[in-house]
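J.: Here it is, the structure in full.
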Amino acid sequence: MSIFDDILADDLNKHFTNRGWYPIYSAPHQAKILIIGQAPGMKAQTSGIMWHDQSGERLRSWLGVDENQFYHSGQFGVLPMDFYYPGKGKSGDLAPRKGIADKWHPVILQEMPNIQMTLLVGSFAQKYYLKLPRNIKTTEVVQHFDTYLPTFFPIVHPSPRNNIWLSRHPWFEKDVTPMLRAKVASILEQ
């Protein structure tokens, strides 16, 4: 059986597989850049295409790549903290389920031996992979992104819901995204 089939068969995911949903992730063997975010949104869950929305357009702009490079080059892996849409909460989607990343990320990461940089999108991925305390703010982590290089590159979620955050923190698009674009270009040129 494949990892994909194992995830489908996992009792933890029975609620989702009973709905006809499939785990949403992408792990090409040749990937050089990995994107770890929260969990698929409902649009991604129903279409099976990750980052194919306004958030994805902004993310690709920040990365300096087009849709073809992002989806078809095999250079990008996408590994959410949970493989399924968790549902709607009061102020956005619910948090990814605990334990999913612990169980499945190590197995999937072994399938991508060429990863040179992991983009950590949002607080769940950042706190998990950077082993940060719960009370640390995403703003602080992202502001000090260079502390985590070259392995990790933490960024805010590119969602339109973060437009206010982006307007209050102009340094992100002025200083951080050009550095991100340069890092991505350098990795992809190798």
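The values are calculated or read from the model by the stated rules, or taken from the named source; none is laboratory data. Nothing here was measured: the structure is a model prediction, and the numbers come from that model. All Cβ positions, glycine included, derive from the backbone under ideal geometry; neighbour counts span all protein chains shown.
J.: Tally time: how many residues in region 29-72 are surrounded by fewer than 16 Cβ atoms within 10 Å (Cβ to Cβ) and assigned to a loop (DSSP other than H, G, I, E, B)?
T.: Number of matching residues: 5.
J.: Would you pick out the residues in region 152-190 that are modelled with pLDDT of 95 or more, loosely packed, with under 12 Cβ neighbours inside 10 Å and in a loop (DSSP other than H, G, I, E, B)?
T.: Pro170
J.: Between Met1, Met42, Met81, Met50, which is under 16 Å from the mean Cα position of the chain (by Cα) and over 25 Å from Met117 (Cα atoms)?
T.: Numbers: Met1 fails: under 16 Å from the mean Cα position of the chain (by Cα); Met81 fails: over 25 Å from Met117 (Cα atoms); Met50 fails: over 25 Å from Met117 (Cα atoms).
It is Met42.
J.: Another question about this same structure. Quick one: what pairs do we get from region 175-190, first residue over 22 Å from Gly74 (Cα atoms), second outside any helix (DSSP H, G or I) and of a type in the set (A, V, I, L, M, F, W, C), C-beta under 7 Å, 6+ apart or different chains?
T.: Correct list of pairs: Val176/Ile155.
J.: Okay, next question. Any chance region 11-21 includes a residue that's in a loop (DSSP other than H, G, I, E, B), on the phi > 0 side of the Ramachandran plot and surrounded by 15 or more Cβ atoms within 10 Å (Cβ to Cβ)? So that I can check it myself, show each step before the final result.
T.: If we filter region 11-21 for residues that are in a loop (DSSP other than H, G, I, E, B), which is where we start, we get 18-21.
From the residues that got through so far, the ones that are on the phi > 0 side of the Ramachandran plot too are 20.
Subsequent filtering for residues that are surrounded by 15 or more Cβ atoms within 10 Å (Cβ to Cβ) retains none.
No - not one qualifying residue is present in region 11-21.
J.: Considering each residue of region 92-111, count those that are under 30 Å from Gln190 (Cβ atoms) and either free of Cβ contacts under 8 Å to residues at least 12 places away in the same chain or surrounded by 19 or more Cβ atoms within 10 Å (Cβ to Cβ) (or both), and give that number.
T.: Taking region 92-111 first, the residues under 30 Å from Gln190 (Cβ atoms) are 101, 104-111.
Still in the list and also either free of Cβ contacts under 8 Å to residues at least 12 places away in the same chain or surrounded by 19 or more Cβ atoms within 10 Å (Cβ to Cβ) (or both): 101, 104, 106, 108, 110.
Selection size over region 92-111: 5.
J.: Out of curiosity, is Tyr148 within 22 Å of Met50 (Cβ to Cβ), at pLDDT 95 or above, out of contact with any Lys or Arg (no Cβ under 7 Å at 6 or more places or on another chain) and aromatic (Phe, Trp, Tyr)?
T.: Working: within 22 Å of Met50 (Cβ to Cβ): no; at pLDDT 95 or above: yes; out of contact with any Lys or Arg (no Cβ under 7 Å at 6 or more places or on another chain): yes; aromatic (Phe, Trp, Tyr): yes.
Criteria not met by Tyr148.
J.: Which residues, taken from region 112-150, are surrounded by fewer than 16 Cβ atoms within 10 Å (Cβ to Cβ), part of a loop (DSSP other than H, G, I, E, B) and β-branched (Val, Ile, Thr)?
T.: Ile136 - this is the single residue of region 112-150 that is surrounded by fewer than 16 Cβ atoms within 10 Å (Cβ to Cβ), part of a loop (DSSP other than H, G, I, E, B) and β-branched (Val, Ile, Thr).
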